[in-house]
Amino acid sequence: MDVPQAILGEEINKETESLYKKEKKLGEGTYAVVYLGHHIKTKRKVGIKKIKLGNMRSGLDMSAIREVKALRELRHPNVIELIDVFSHKTNLNLVLEFLDTDLENVIKDKSLVFMPADIKSWMMMALRGLDHCHRCWLLHRDLKPNNFLIASDGQLKLADFGLAREFGDVKRAMTSQTVTRWYRAPELLLGATNYTGSIDIWAMGCVFAELLLRVPYLSGESDLEQLTTIFKARGTPTEDDWPGLSKLPMGFKFEKHPRPAFAELFHGASDDALDLMNRMLTYNPVARITAAEALQHPYFRNSPRPTQPAKLPRPKQEYVAEEEGLDSDGARRKRHYNDAFGDDVFSDGKGDSAVAHREGSGHSRDQDAQPTAKRMDLRISSPA
Amino acid sequence: MSVLQSAQKQEIPAFQTDDDSCPQCKSERYLNNGMRLLVGPCYHRICESCVQQIFDAGPAPCPECRRILRKAEFYQPIFEDLTVENEVRIRMRMAATYNKREEDFKSLKDYNTYLEMVEDLTFRLLYDINTDEAEYLIEKYKRDNTASIEKNQSKFRREEQLQQLISNQERIKHQQQREEYLKQLEEEKREKEVAKYNLINALATSDKDAKDIVKANMVHLKKSSLSNRSATQKPRLDIEALLRNVGGDFDDEDIEEEDEYAPFDPAESPYEPMDVELRSRYDDPNPAFRQGNTLAAAGMTREVHQRYVIEGAIAGLFAQPLHEDMVDAEATEANFRSAESPNS
Amino acid sequence: MTDKPQLYEQASQYRHWRFTRESLDKLRAANNERGIERVLRGLREEAHVDDDHSMLETRVSEATNNLLTPAEELELIDYYLQMIKVYAQSYRKNGLLKPEALDNVKATAINFMKRFYLHNVVFDYPPKSIMLTCFYLATKVENAFMKIDDFVRPLQAAETKRGSKVQTKNEDILELEFVVIQSLQFELAVHHPYRAAYGLYLEMQAYINDAALLKDVFDRSHHYIDLSLFTDLVFLYQPPQIALGAFKLAAREKDLDIDTYLTQRFDARLLEMLFTVLDDIQDTVSAFKNTSQKDAQVIDRKLILCRNPEKNPSSKLYKKKAAGQGDVPYVSDSDSD
């Protein structure tokens, strides 16, 4: 039997599925359920996002298709890795790298203090990930703190590409109803139907501000109010500031608000940080800084140096799951999950010795703690 | 380096507002633009001209607290909040004397004890508690520890020097690299020009198949120095050499810090950048732009669109197609199941 | 200078869907063999279903006499690829498909179908049904989504008009979505020569004086790109290469020289390889012939006799298996899954 036998599509799928084992449910949304799992051979921890069908009468969900399509093409240290995909019955399963927390958790954890170098480090990683997407002519279209996942080694990664879409083709119309409201660029709020990476940069600017302020910067209650909120915080744009403004679908007259002095609100920020942030929140999308340009901004070269990812502040994880169905290795690994230095736990297969070594670290864990429906790329925007 | 020292190094302008006014002569800043408000050791503010008036002749009492001061004791504070200024200065002074570091102690406990002692003295100085005794203790410590204080001071100086040297070296190396690279680019450009010129001539004058002409010309080019372009290595900083320059004995652990000063590029990417140069004008038949500036108002300019299509035209244009020998291993793995190995 | 990869080298199209002609042949031959095995096995299994072995002999010999060769498989598939193009046009006419999305949807659907059959056999999945699913999937992937009801309605209308007894239903298309996407290994981004051709057209303007002629050639290149979609060129070369090949064909037709542009613009070392590639592309496109409807019908009739009952929804075997699994699609599974 020397002749190799052809593998058929369904067989490939089954084989892929057999590589992974689901462990525990991490959380659930209307769109998907997320499980913790691992690769059976290498023991690598993964998150398995099971996308439920049945939400869409028309078969496979657009969101699922967008996410799979985008992630299959993107490979970058600051973009979440889609390790594998398989379908089981009528569910689509995305095997993603496992990331235990996100930037929203970090910002909200008041016990954490941010140094300017920390903020610089997160911004740099986020911009690198975003720059890569834009170089591939892909828009993310849903940037916000909880879509920046953070790995155990501190690396920040873009995630949740359920709204992602190619741009550059000037003839294709796109929806302006995209991006979570507080991070939505003004051109979207004004109804633009063909746009570029500048909408992602606006969102990044909002995230930058949020890192500095520890609260969302531009939080409007409705779409119309969002615009007003922006105008009050940044001043109402004029046709001079923003050529073509009046031609946008909703670009009619607005209340005039003056441009406030940003330095007051952002009193902790250095001049170069403020300058970069302002360039990201420029009204005119053509003048708005791009991801590539942002990375060349002096802010990143000036001192202080961006903090090494491993040394960035992290929130304490409360995640501990029930022990059902786990081998003893898995159980021990879970016990030390919360160890602040327990990064070794996630490395391939070598976890055991590292874990054993930490046994005497003196941290006590409450193994019966309630499992909190934690992270893992959960906040999937509802379809369309 | 303390905040104050670094502040002084960078010459940060002292805090000023338009409302500043001298408590003595009542002159205000907005009427008198160049007015400098100084402070003395008692932290009472007074403008420069008043200082001259009052203290030019010699020591005199401070107008606010009557403490005897000399003209030279007045300076311009950095911080608006003078309690901060005071604290910073006191701590600077303490740090100059109490300059031991954790590695100088046998145990963490000892280091902590030392720190507590220093803080205790500092506290006393700050809040004016038993300052005489505190000053006495400080002087005593100074005398008893002259040697170690000096040793640490020179250690810090050497560290600073090393930092400077490293960054200078980096700068120079980068310069050199850049120049080299530019030179190489020039070279290449020139050679390309010549090659093109020859090729075009050949194409124009001969009536052989274009492909053959190109092939023939290839032989020439391959022999040229273009193909001999050697990869430029990023030179590692020669830390040993630097250390020798700086002199003194360095512990090995100091070298670990080197990584933090290594050059880094914020825009670093695992991929080769696609640098497509756009021309200033294209005859672009795209009807979309005829609608006026709606597209540009949202960021979609002609340039973006042109870059999109031109990158599409260039990316992969010179990709090598698969060869026989490259294929078999990959194809077998991806498309065929080998008869022997069962599914795991 | 370290050798970093180019962006395009990370695309799934580049990493997983490139072949040589020989490896394509091998793959298809192996698939065909596998397919034949599965047919025979399926027939035997079906005989077991109601223990009726009477027909087995006949059916097996019928099947064996009508087995499709790899070449016939390809011809049949090609016919349905042409259908994709026809359908694309008709959906544009009825307004469900926007004209600016037409090229991409058409090309992606054709590509999906070709890729599908690198990991499947026509004995299991006749191209007729797969074609519609590929098309529908392509509309989603290329941001030209239409509801399944809207998609199926014109099909049903046409069938009624023809007096056809069979009516396409939503399930027919949606049922196959998973099979198709599995066979694509969930790699959905396909790059086509259209964008590259546009870029080349802009690029060439600085080197070619006759602007009107250049525009003419560019417009004509579209025709050759369309032709190239049916060939295996997409598995051999990159979209810009195919676009340039199409350009050359159009240029030859209209008597415009673009070789000079190439030699002025690019390095001679690179051009050596490129010219070989372009020649191959031009030859392949020029020599290609689509399958005629008549030939397709002949093969289709053969297929009916050698279809694998295991995958045939109207067979006893399929129904038995489906009943056994108790599967009802489109209902969210419980978490016990």
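The values are calculated or read from the model by the stated rules, or taken from the named source; none is laboratory data. Note that the structure is predicted; figures quoted are calculated from it, not measured. Every residue, glycine as well, gets a Cβ built from its backbone with ideal geometry; the counts of neighbours run over all protein chains shown. To get the accessible areas, we keep the full protein, side chains included, count just its heavy atoms, and leave off ligands, DNA and RNA. Shrake-Rupley method; radii C 1.70, N 1.55, O 1.52, S 1.80 Å.
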* Have a look at C:L249, C:L200 and point out the one that is outside any loop (DSSP other than H, G, I, E, B) and either facing another protein chain (nearest Cβ under 10 Å) or under 21 Å from the mean Cα position of the chain (by Cα) (or both). => C:L200
* Asked: Restricting the first residue to the range A:302-313 and requiring it to be open to solvent by 70 Å² or more (accessible area, probe 1.4 Å), which pairs with a second residue that is assigned to a loop (DSSP other than H, G, I, E, B) meet a Cβ separation below 8 Å and a spacing of at least six or different chains?
  -> A:R305/B:F264; A:Q308/A:G154; A:A310/A:D153; A:A310/A:G154; A:K311/A:G154
* Asked: Can you name every residue in the range C:90-134 that is open to solvent by 10 Å² or more (accessible area, probe 1.4 Å), touching a Leu at 6+ places or on another chain (Cβ under 7 Å) and not basic (K, R)?
  -> C:P126, C:S129
* Go through B:Q164, B:Q184, B:Q176 for me and flag whichever is open to solvent by 50 Å² or more (accessible area, probe 1.4 Å), part of a helix (DSSP H, G or I) and in contact (Cβ under 8 Å) with a residue 40 or more places away in the chain. => B:Q184
* Within the bounds of the range C:79-89, is there any residue that is among the aromatic types (F, W, Y), crowded, with 20+ Cβ neighbours inside 10 Å and assigned to a loop (DSSP other than H, G, I, E, B)? -> no
* Selected residue (criterion: farthest from the other protein chains (Cβ to nearest Cβ)) from residues of the range A:49-63 that are modelled with pLDDT of 85 or more and not in a loop (DSSP other than H, G, I, E, B) -> A:K49
* To do: Go through the residues of the range B:52-75 one by one and say whether even a single one is modelled with pLDDT under 85 and under 30 Å from B:Q161 (Cβ atoms).
  => yes
* Which residue pairs have Cβ atoms closer than 7 Å, lie 6 or more positions apart in sequence or on different chains, and pair a first residue in the range C:257-278 that is within 14 Å of C:A206 (Cβ to Cβ) and open to solvent by less than 20 Å² (accessible area, probe 1.4 Å) with a second residue that is part of a helix (DSSP H, G or I) and among the aliphatic types (A, V, I, L, M)? -> C:I258/C:M204; C:I258/C:A251; C:Y261/C:M204; C:L262/C:L271
* **helices (runs of 4 or more DSSP H) contained entirely in the range C:1-65, each with at least 2 residues that are open to solvent by less than 20 Å² (accessible area, probe 1.4 Å)** => C:12-16, C:21-49
* Could you pull out the residue among A:L127, A:L143 that is hydrophobic (A, V, I, L, M, F, W, C), assigned to a helix (DSSP H, G or I) and open to solvent by less than 30 Å² (accessible area, probe 1.4 Å)? => A:L127
* Restricting the search to the range C:257-300, which residues are within 14 Å of chain B (Cβ to nearest Cβ) and aliphatic (A, V, I, L, M)? -> C:I258, C:L262, C:A268, C:L270, C:L271, C:M273, C:L274, C:V277, C:L278, C:I281
* Which residue pairs have Cβ atoms closer than 6 Å, lie 6 or more positions apart in sequence or on different chains, and pair a first residue in the range C:16-43 that is within 11 Å of C:H119 (Cα to Cα) and at the interface with another protein chain (Cβ under 9 Å from one of its Cβ atoms) with a second residue that is part of a helix (DSSP H, G or I) and open to solvent by less than 40 Å² (accessible area, probe 1.4 Å)? -> C:L27/B:N335
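Condition check ((1) modelled with pLDDT of 95 or more; (2) in contact with a helix residue (DSSP H, G or I) (Cβ under 6 Å, 6 or more places away or on another chain); (3) within 12 Å of chain B (Cβ to nearest Cβ); (4) crowded, with 17+ Cβ neighbours inside 10 Å) across all residues:
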| position | (1), (2), (3), (4) |
| --- | --- |
| C:K140 | yes, yes, no, yes |
| C:I148 | no, yes, no, yes |
| C:Q156 | no, no, no, no |
| C:E159 | no, no, no, no |
| C:K169 | no, no, no, no |
| C:I173 | no, yes, no, yes |
| C:V190 | yes, yes, no, yes |
| C:A206 | no, no, yes, no |
| C:L233 | yes, yes, yes, yes |
* **Checking A:V46 against (1) outside any loop (DSSP other than H, G, I, E, B); (2) over 30 Å from C:R115 (Cα atoms); (3) not aromatic (F, W, Y), the condition it does not meet** => (2)
* **Residue count, the range A:151-191 (criterion: within 11 Å of chain B (Cβ to nearest Cβ) and under 19 Å from A:E67 (Cβ atoms))** => 3
